[in-house]
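The values are calculated or read from the model by the stated rules, or taken from the named source; none is laboratory data. The model shown is predicted, which means the values in this text are computed figures rather than measured ones. Note: ideal-geometry Cβ built from the backbone for every residue, glycine included; neighbour counts use all protein chains shown. The protein model used for the area step is the full one, side chains on, heavy atoms only, and it has no ligands, DNA or RNA in it. Shrake-Rupley method; radii C 1.70, N 1.55, O 1.52, S 1.80 Å.
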Amino acid sequence: ERYRRALSAVRKAPESRRAEGRACLKYWIGRLEFAVGYFDAIEAVKLAATAENPRFHEAFSSLGYAYRKTGDYARALAAYDRALALAPDYVEAVEYRGEAYLELNRLDDAKAAYEWLFRRDPVQAASLLGAARTWVEARRAEPAGVAADAIAAMVAWVAQKAATAEELSGVKEPARDW
C-alpha cells in the first residue's frame, strides 16, 4: 500500500524542467511500478527515462532487468551493455547481465562476470553465485539441452567458488589441529 501511495504521489508531482530531473522521476516511477507488480508499464517508463537522459546508466540497467524478467534476453543484454558502456564499473549491471548469461546457458560469460564481481563487490558476486546455484539445481532437474558434463563442471565450479568466498570472508574458519 505504501508503494501504491508513493507511486500516486510521484505521478502527481510536477516534472522538473531539466531533462535529468525528468529522467530521474521516470526512473523512480519505474522502480515503484516494479515494486507493486506493474510489469507492463516498466519498459515504457525506462525507455522514456533513457530518452530524456541517454547517459542514465541506472535506467539502462533497470530496462535490461525488465527485459530479462520477460524473457527478452537479446534486448536485456543490449541494455546491460549500454549501461556498462556508460559506467563500466556499475556492478549491478554486471551481476544482472551474469544472470542473463546463466539463463542463456552462456556459462563462460557468467563465470567471467562472477570473477569480475568477486574482485570488486563481494555482495554482488554472492548474488550471482546464488543465481548459479539456482541454475545448477534447475539443470539437474531438467537439463534443457545442456550436456551432462557441462552441468557437472558447473556444479564443481560453484562449489569451488563458494568455498573460496567462504574462506576469504572468514565466515568459517578451517579446522585447527591443536
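Would you confirm whether any residue within the stretch 129-150 is open to solvent by 60 Å² or more (accessible area, probe 1.4 Å), closer than 24 Å to HIS57 by Cβ and touching a residue at least 24 places away in the same chain (Cβ under 8 Å)? Taking every residue of the stretch 129-150 in turn, none turns out to be open to solvent by 60 Å² or more (accessible area, probe 1.4 Å), closer than 24 Å to HIS57 by Cβ and touching a residue at least 24 places away in the same chain (Cβ under 8 Å).
So, ALA85, is that one surrounded by fewer than 20 Cβ atoms within 10 Å (Cβ to Cβ) and under 21 Å from PRO54 (Cα atoms) or not? The answer is yes for ALA85.
Checked against the criteria, ALA44 counts as over 16 Å from the mean Cα position of the chain (by Cα), exposed (fewer than 15 other Cβ atoms within 10 Å of the Cβ), modelled with pLDDT of 65 or more and in a helix (DSSP H, G or I). Scanning the stretch 70-108 for residues that are in a helix (DSSP H, G or I) and within 17 Å of ARG119 (Cβ to Cβ) gives LEU84, VAL91, GLU92, ALA93, VAL94, GLU95, ARG97, GLY98.
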